[in-house]
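The structure appears below as structure tokens.
The values are calculated or read from the model by the stated rules, or taken from the named source; none is laboratory data. Only a predicted model underlies this, so the values are computations on that prediction, with no experimental measurement involved. All Cβ positions, even for glycine, are placed from backbone atoms using ideal geometry, and neighbour counts span all protein chains on display. These accessible areas exclude ligands, DNA and RNA; they are computed on the full protein's heavy atoms, side chains included. Shrake-Rupley method; radii C 1.70, N 1.55, O 1.52, S 1.80 Å.
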Amino acid sequence: MDRRTFMQTTGTLVAGVALGARAFAAADGFAAPAGRILPMNRGWRFLPSVPAGSHAANFDETAMARVTVPHTNKTLPWHNFDDKDYEFVSLYRRKFRVPASAAGKRVFIDFEGAMTATTAYVNGQRLGEYKGGYTPFSFEVTGQVKPGENQLSLEVDATERADIPPFGNVIDYLTFGGLYREVALRIVPQSFVANIAVRPKSVLTKPALDVVCFTDRGKTGQTLEVHLEDGSKVVATANAPVAGLETKVSFAKLPKITLWDLDRPKLYTVRVRLIENGAVLDEDTRCFGFRHAEFTENGFELNGKPLKLRGLNRHQTFPFVGQAMAKRAQRRDAWILKNELHVNIVRTSHYPQSRHFLDACDQLGLLVLEEIPGWQHIGDAAWKDIAVDNVERMITRDWNHPAIVLWGVRINESKDDHDFYTRTNALAHSLDPTRQTGGIRTGDNYKSEFLEDVFTINDFGWPLRAPSHPRQLNTEFCGHMFPTKPIDNNERQTEHFIRHARMHDAVLSDPHYSGAIGWCAFDYNTHNNFGSGDRICYHGVMDIFRLPKPAAAFYRSQIAPEKEIVLEPAFHWAIGDSNEHFDTAMIASNCERVRLYLKRPEGWKQFAEVEPDRKQFPHLKYAPFTVDLKNTIGWDWGDLKIEGYIGGELKATRTLSGQGVDREFVVTADDTELSADGADVTRVVLKVTDEFGNVRPFANDAIVLKLAGPADLIGDNPFALFGGVGAVWIRARDTAGTVTLTATHPRLGTKTVTLKIAAAVPESV
Ligand code: GAL
């Protein structure tokens, strides 16, 4: 296999597993030797065009904006915009200083992701072009840089280039543009650790470990020493002489280890040292976990125990800035999926996502199906070569994440292509013998060639067909079959809720289904020929601001009550169109029974006592409750109280106002402190509620925002609520201080949130 076929013009664009496609794990979180990875995210200059001569070292930058990475080439409203607005080629320039300590060493510039094609120049000299928006790339610039100041210049092409996946036909999402993930300078010795693949073995019986160390220009006589670390404690060591590009360092026996699982996602670190004549030449670390994950003939198993997969798909795009959201926001999405939606798996539809998101999945205990970029269309031979290379970049970047249990190695919903998919599967298996592959096909493609280990299929149909393959996983359902806006009436919200609940119920009926991953977690921006006509697919169980619709309540309720009691009405008590459309109310809860009361002048009057609806949902452990309103309260109306009971004991109460009046304006920030690194962000949620804290879905007031202090607002201002809610983000600048956001509702008053912006470690280059 020629892993370099995607390269266009350069000898310095790094390719291949052993050539350092990954320097990123150590950039942040886990210590690498001082000076090895030098972040270059601040101090960029940006221009939304590329004037002639702009890559020259002495190009006049005065007209260029000062920006920090992650950066979007265009800020946009959250909907109703034209995606052509961001489809242009931009110029990014940055000066960087190569320290004196780099003398005699090798220098790389590592890019975690830029949308969609990047041509790089150093000191006016063209390095090459990388084609791909979701995968990391790296240029070796040892021969191009000099000690002291150097100039990096990038042309970042955000047009939908037919030569690069996912483009070539239509796609149902927007890719946006810009230098949207981090950049770093990497300074390493002539021989260095280029990558590490940590492969736990027989973890359920006799745990052992292979650490495959990839060295660049490694030599006979050098040794690789590996420490297995639990926090700051070294628990085992092993070593082996360097043996070519790939050296396996094995731990045949290990001290007692703790498994990584969903409740206790225990992580370990390997520290790899490249040693010559007793001196450490280079050192790097990777984080990983001991777990056994396998799709079997009888469903998915984690650590030898069956686990029905209950998940949602996630696009990584955000309102206003597209993909350019910093670490904290990426991590927050994983937190929401794990702790608000209580799913056990997420699919990174339809591309490799931010490492920050994946790190958070590891740390929180949330499984991941990760797949290569693409959507239905397969391009020509060169295009396919890029897709095959994407498999390699995805896997070699992410093979140590315990959270990842399946590689998606087909273009989402593409037709069979025997040779192409034989290649992607073979490559995935050769790079990572520890994980199975899947490849997502459409629901009408039941007969498609089964080249993967797991038959992953977007089965939107209902009733769900009997499983046709061993190791079958439904990777999408609901979505475009039933888009639901937060302002839609209760009849629609109820049906949306039921469609999600019934699919998860159905996959529980047969062990041959490994589970189901619903479409999707969050509403997302899309092209004009998809979605609702405002550049949004309202397919999420949460809106684009990551705020729940009633269907989210189903996911939330599927958790043991010992961990959290959930009692969520899957409806708005502001009834909307008419009572006639709201005969049946669904309640999501892990309680054993619920009681409902209506407020009467004489007090609360019980009108229903209900058990989980096992008729409609015979398999769900926490089946939703169906409440007949038509034959109980009929046209009666007033405040509603719902009580949840377990073992006869009252465990939770929800009260919903029947008054129909907006009462409270609520403003909450997800965090209280940000780092003054110019990129750190937090979400600020805006809500109008009734007197009991329930969202008023038809509140659409314009909220006026005022920000004081060293930060910027990401979002519309004024911000008009949609479905009674909305959110903006506050992005720190690069000075410490205090930031106050003042939000004024036209009638319900002014609320403020205050954040501390703490000094950040300065960048040294
Ligand atoms: C699927 C596709 C997704 C999304 C979804 C909408 O066919 O894979 O990307 O478009 O439909 O329901």
**Asked** Filter the stretch 366-406 for residues that are aromatic (Phe, Trp, Tyr) and out of contact with any helix residue (DSSP H, G or I) (no Cβ under 9 Å at 6 or more places or on another chain); which is nearest to the ligand (Cβ to nearest atom)?
**Response** 375
**Message:** Please list, ordered by residue number, the strands (runs of 3 or more DSSP E) wholly in the stretch 144-215 having 1 or more residues that are basic (Lys, Arg) and touching a residue at least 24 places away in the same chain (Cβ under 8 Å).
**Reply:** 183-188, 192-201
**Asked** Within the stretch 510-623, which strands (runs of 3 or more DSSP E) (wholly inside it) include 3 or more residues that are closer than 26 Å to residue 479 by Cα and more than 16 Å from the ligand (Cβ to nearest atom)?
**Response** 513-518, 567-569, 584-589
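To keep it simple, each residue is scored yes or no on (1) within 19 Å of residue 694 (Cα to Cα); (2) aliphatic (A, V, I, L, M).
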{"residue": "607", "(1), (2)": "no, no"}
{"residue": "612", "(1), (2)": "no, no"}
{"residue": "625", "(1), (2)": "no, no"}
{"residue": "629", "(1), (2)": "no, yes"}
{"residue": "640", "(1), (2)": "yes, yes"}
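On the given criteria, is residue 465 part of a helix (DSSP H, G or I) and either open to solvent by 10 Å² or more (accessible area, probe 1.4 Å) or under 27 Å from residue 529 (Cα atoms) (or both)?
Values: part of a helix (DSSP H, G or I): no; either open to solvent by 10 Å² or more (accessible area, probe 1.4 Å) or under 27 Å from residue 529 (Cα atoms) (or both): yes.
Taking the combined requirement at face value, the residue does not satisfy it.
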**Message:** Can you find, within the stretch 448-469, the residue that is farthest from the ligand (Cβ to nearest atom) among those that are acidic (Asp, Glu) and within 28 Å of the chain's Cα centre (by Cα)?
**Reply:** 453
**Asked** So residue 133 fits all but one of (1) open to solvent by 10 Å² or more (accessible area, probe 1.4 Å); (2) at negative phi; (3) assigned to a loop (DSSP other than H, G, I, E, B); what number is the exception?
**Response** (1)
**Asked** residue 363 fails exactly one of the following numbered conditions: (1) touching a helix residue (DSSP H, G or I) at 6+ places or on another chain (Cβ under 9 Å); (2) crowded, with 22+ Cβ neighbours inside 10 Å; (3) not in a loop (DSSP other than H, G, I, E, B). What is the number of that condition?
**Response** (2)
**Asked** Among the listed residues 256, 266, 248, 338, which satisfies the condition of being in the same structural domain as residue 401 (by TED's automatic domain parsing) and at pLDDT 95 or above?
**Response** 338
**Request:** Filter the stretch 407-447 down to residues that are within 16 Å of the ligand (Cβ to nearest atom) and not in a loop (DSSP other than H, G, I, E, B) and give me whichever is farthest from residue 270 (Cα to Cα).
**Result:** 442
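Listed here are the residues, each with its yes/no results for (1) open to solvent by 10 Å² or more (accessible area, probe 1.4 Å); (2) under 18 Å from residue 514 (Cβ atoms); (3) modelled with pLDDT under 95; (4) not small (Gly, Ala, Ser).
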position: 443; (1), (2), (3), (4): yes, yes, yes, no
position: 459; (1), (2), (3), (4): no, yes, no, yes
position: 477; (1), (2), (3), (4): no, yes, no, yes
position: 483; (1), (2), (3), (4): yes, no, no, yes
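Would you mention how many residues in the stretch 227-270 are of a type in the set (Phe, Trp, Tyr) and open to solvent by 60 Å² or more (accessible area, probe 1.4 Å)? Outline the logic, then answer.
Initial filter on the stretch 227-270 (of a type in the set (Phe, Trp, Tyr)): 251, 260, 268.
With the extra rule that they be open to solvent by 60 Å² or more (accessible area, probe 1.4 Å), the set shrinks to none.
The total comes to 0.
Does the stretch 672-687 include one or more residues that are open to solvent by less than 70 Å² (accessible area, probe 1.4 Å) and over 24 Å from the mean Cα position of the chain (by Cα)?
Taking the stretch 672-687 as the starting set, the residues that turn out to be open to solvent by less than 70 Å² (accessible area, probe 1.4 Å) are 674-687.
Those still in the list that are over 24 Å from the mean Cα position of the chain (by Cα) too: 687.
Yes.
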**Asked** Cβ-Cβ below 9 Å, separation at least six or inter-chain, first residue in the stretch 375-392 and on the phi > 0 side of the Ramachandran plot, second open to solvent by less than 40 Å² (accessible area, probe 1.4 Å): which pairs?
**Response** 376/166; 376/171; 376/172; 376/411; 376/412; 376/413; 376/414; 376/442
**Failed item in (1) away from the ligand (no atom under 12 Å from the Cβ); (2) part of a loop (DSSP other than H, G, I, E, B), with residue 483 passing the rest** = (1)
**Asked** Within the stretch 165-199, which residues are within 16 Å of the ligand (Cβ to nearest atom), open to solvent by 10 Å² or more (accessible area, probe 1.4 Å) and not small (Gly, Ala, Ser)?
**Response** 169, 170, 172
**Complete:** Considering residues that are open to solvent by less than 10 Å² (accessible area, probe 1.4 Å) and farther than 14 Å from residue 402 by Cβ, the number found within the stretch 370-385 is 5
